[in-house]
Amino acid sequence: RPRAGCEGPRGKLKARLRWSLRAARDGWAVESGQYQQATGRLPSWWTDCPPEQRGDAFYIQAFWRLSTCRQFGQYLGPIPWHRIIQYGERKGLDADMIELFVEVILELDDVYLSDLNEQRRQAAARSARTDQRNQNKQRRR
């Protein structure tokens, strides 16, 4: 299966998911006017929202519904393959369409999990910097 970073023919769909993940995370600053007040402009990522293509809504909706089927633990697991198949069958997709559907959902899942892992990495780095500052403050006392 194609991995995140290999855009292929579904690059716009994956870009739209990346945009919606960022909007969910950072959009409050734009919508509240805080970002524009601080910078005098809207962020470029906000105005570069990829347009929705015909059929995107089906895949995006399916992806979010199937995301509820993943394993939860210390980290989120991928969407189980058999759940994607079941969803496609329930929607009445034929065998060829199910194969394509699985491919698309797995590619979207790669985007989602990559974004989540990057957010965790950034949060861990921020936490380490905060811990280091706190230790430095205590040494000065």
Quiz item: Is it fair to say ARG70 is of a type outside the set (S, T, N, Q) and open to solvent by 40 Å² or more (accessible area, probe 1.4 Å)?
Solution: no
Quiz item: How many residues are open to solvent by 60 Å² or more (accessible area, probe 1.4 Å), part of a loop (DSSP other than H, G, I, E, B), over 20 Å from GLY88 (Cβ atoms) and not charged (D, E, K, R) if we restrict to the range 39-66?
Solution: 3
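Conditions (1) of a type in the set (Asp, Glu); (2) free of Cβ contacts under 8 Å to residues at least 24 places away in the same chain; (3) exposed (fewer than 13 other Cβ atoms within 10 Å of the Cβ); (4) in contact with a Gly (Cβ under 8 Å, 6 or more places away or on another chain), marked per residue:
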{"position": "TYR87", "(1), (2), (3), (4)": "no, no, no, no"}
{"position": "LYS91", "(1), (2), (3), (4)": "no, no, yes, no"}
{"position": "PHE101", "(1), (2), (3), (4)": "no, no, no, yes"}
{"position": "VAL104", "(1), (2), (3), (4)": "no, no, no, no"}
{"position": "VAL111", "(1), (2), (3), (4)": "no, no, no, no"}
{"position": "GLN119", "(1), (2), (3), (4)": "no, no, yes, no"}
{"position": "GLN135", "(1), (2), (3), (4)": "no, yes, yes, no"}
{"position": "ARG140", "(1), (2), (3), (4)": "no, yes, yes, no"}
Quiz item: (1) among the polar types (S, T, N, Q); (2) open to solvent by 80 Å² or more (accessible area, probe 1.4 Å); (3) closer than 16 Å to ALA15 by Cβ: which one isn't true of GLN36, the others all being true?
Solution: (3)
Quiz item: Restricting attention to the range 1-11, does a residue exist that is open to solvent by 90 Å² or more (accessible area, probe 1.4 Å) and modelled with pLDDT of 85 or more?
Solution: no
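The values are calculated or read from the model by the stated rules, or taken from the named source; none is laboratory data. Quick caveat, the model's predicted, so the values are computed rather than measured. All Cβ positions, glycine included, derive from the backbone under ideal geometry; neighbour counts span all protein chains shown. Heads up: the accessible areas ignore ligands, DNA and RNA and are worked out on the full protein's heavy atoms, side chains in. Shrake-Rupley method; radii C 1.70, N 1.55, O 1.52, S 1.80 Å.
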